[in-house]
Amino acid sequence: MTGIFTTRINQREQYVISLLLVLAVSGVCYGIAPFLGYRVVAFILLLTVSLIAISFDIFPVLLAAILSAFIWNYFFIPPRFTFHVSTTEDVILFIMYFVIALINAALTYKIRQVEKASRKKEEKANTLKLYDTLLHSLSHELRTPISTIIAATDNLQSKNDNLTKENKDQLVSEIAKASFRLNQQVENLLNMSRLESGVIKPKKDWCDINELVYSTVKKIEQNKIAQKITININPDIPLVKTDKMMLEQVIYNLLNNACLYTKDNSMINIAAIIHADILQLIIEDDGDGFPEDEIENVFDKFYRLNNSKAGGTGLGLSIVKGFTEVLKGNVSLKNVSTGGSKFTIEIPCEISHLKV
């Protein structure tokens, strides 16, 4: 259990707040004590100490426990306005209150310390797991294109008279593909690093959705994909004010993911619609869809579907979610009843019908 205030308030301020809270609750109880009775007041003060113990360090809590005990004795236990306790029963009640308040403060603080240590241990384990996953993915995703580039470059640089012009063109094509793949992985890592740092801010400007989608699709098609991409966008769709780079990366990652995990000759459709001040992007394919029990995890960092083919770092869809949320939007995924999957992006945008 994390303290409510401990990350924002230093210990000196905790002392002041603890004292003021006990005094304020005591003042309220003093006014209604004739209706409640001094024994009920003891429970209210114990509850106050318990709430302080949840949030503050041990010493301000102990101070609050001791102060509340003496306030209860002086102002509420008969005879009032004296530390003298007239009956044996009240003496026992006072001692029990004092002990319970101190034990409550100490145990609550101890529980918080144990939970804090447990949380740190869990966070460390998760961090190590993420690093292992990342290194495992990168060992394949970076090594493969680098090896391809080195091998093709060596062949081109060798004095091999058996290499025809077609052979050389093929080697150059392989270098281009491997370089593009390598650049894509580095780009994903840089984007994820920007998202994790929390410093990324959208740079909004007027954007033509038709132009953005067509240029992004052209980039995808340069990868010599085997799928057919169709675009279904009204030519008169208004301009939207958004971060063009982020939105382009969102669309690219979704299209690239569809191309990687659908069969050859599959159909991929991208549509864009404006609803009031909401830009809605829909990317749908006719592939096999996603396992229903894994849909809620696909946007997690480094997550890869069970039984998915080798390759991929599991960053593409997490970047989609991260950039969409930076733009104050949301992304959802569902399987289509006729087969395939459907990603829906909704981003609030300023709209303009003036074409420039």
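Look at SER118 and say whether it is at pLDDT below 85 and of a type in the set (Gly, Ala, Ser). When the stated conditions are applied, SER118 does not pass them.
Does region 252-260 include one or more residues that are assigned to a loop (DSSP other than H, G, I, E, B) and out of contact with any Leu (no Cβ under 7 Å at 6 or more places or on another chain)?
no
Against the test of being hydroxyl-bearing (Ser, Thr, Tyr) and closer than 16 Å to ILE100 by Cβ, the options THR48, THR82 yield a single qualifying residue, THR48. Taken over region 189-214, the criterion of being modelled with pLDDT of 80 or more and surrounded by 13 or more Cβ atoms within 10 Å (Cβ to Cβ) is satisfied by PRO202, LYS204, TRP206, CYS207, ASP208, ILE209, ASN210, LEU212, VAL213, TYR214. Examine region 229-246 for a residue that is touching a strand residue (DSSP E or B) at 6+ places or on another chain (Cβ under 9 Å), of a type in the set (Ser, Thr, Tyr), at pLDDT below 90 and under 20 Å from SER332 (Cα atoms), and state whether such a residue exists. No. When region 199-221 is limited to residues that are free of Cβ contacts under 8 Å to residues at least 12 places away in the same chain and over 27 Å from the mean Cα position of the chain (by Cα), the one that is nearest to ALA276 (Cα to Cα) turns out to be GLU211.
Can you give me the number of residues within region 58-81 that are free of Cβ contacts under 8 Å to residues at least 12 places away in the same chain and under 21 Å from TYR15 (Cβ atoms)?
Of region 58-81, the ones free of Cβ contacts under 8 Å to residues at least 12 places away in the same chain are 74, 79-81.
Imposing the further condition that a residue be under 21 Å from TYR15 (Cβ atoms) reduces the set to 74.
Result for region 58-81: 1.
Taken over region 69-96, the residue count meeting the criterion of being part of a helix (DSSP H, G or I) and within 10 Å of TYR38 (Cβ to Cβ) is 5. Residues that are assigned to a strand (DSSP E or B) and exposed (fewer than 15 other Cβ atoms within 10 Å of the Cβ) within region 279-296 comprise just one, GLN280. Once region 233-251 is narrowed to residues that are in a loop (DSSP other than H, G, I, E, B) and either touching a residue at least 40 places away in the same chain (Cβ under 8 Å) or among the acidic types (Asp, Glu) (or both), the residue that is nearest to PHE323 (Cα to Cα) is ASP243.
The values are calculated or read from the model by the stated rules, or taken from the named source; none is laboratory data. Not measured: the values here are computed from a predicted model. Reconstructed Cβ throughout: ideal geometry from the backbone, glycine too, with neighbour counts over all protein chains shown.
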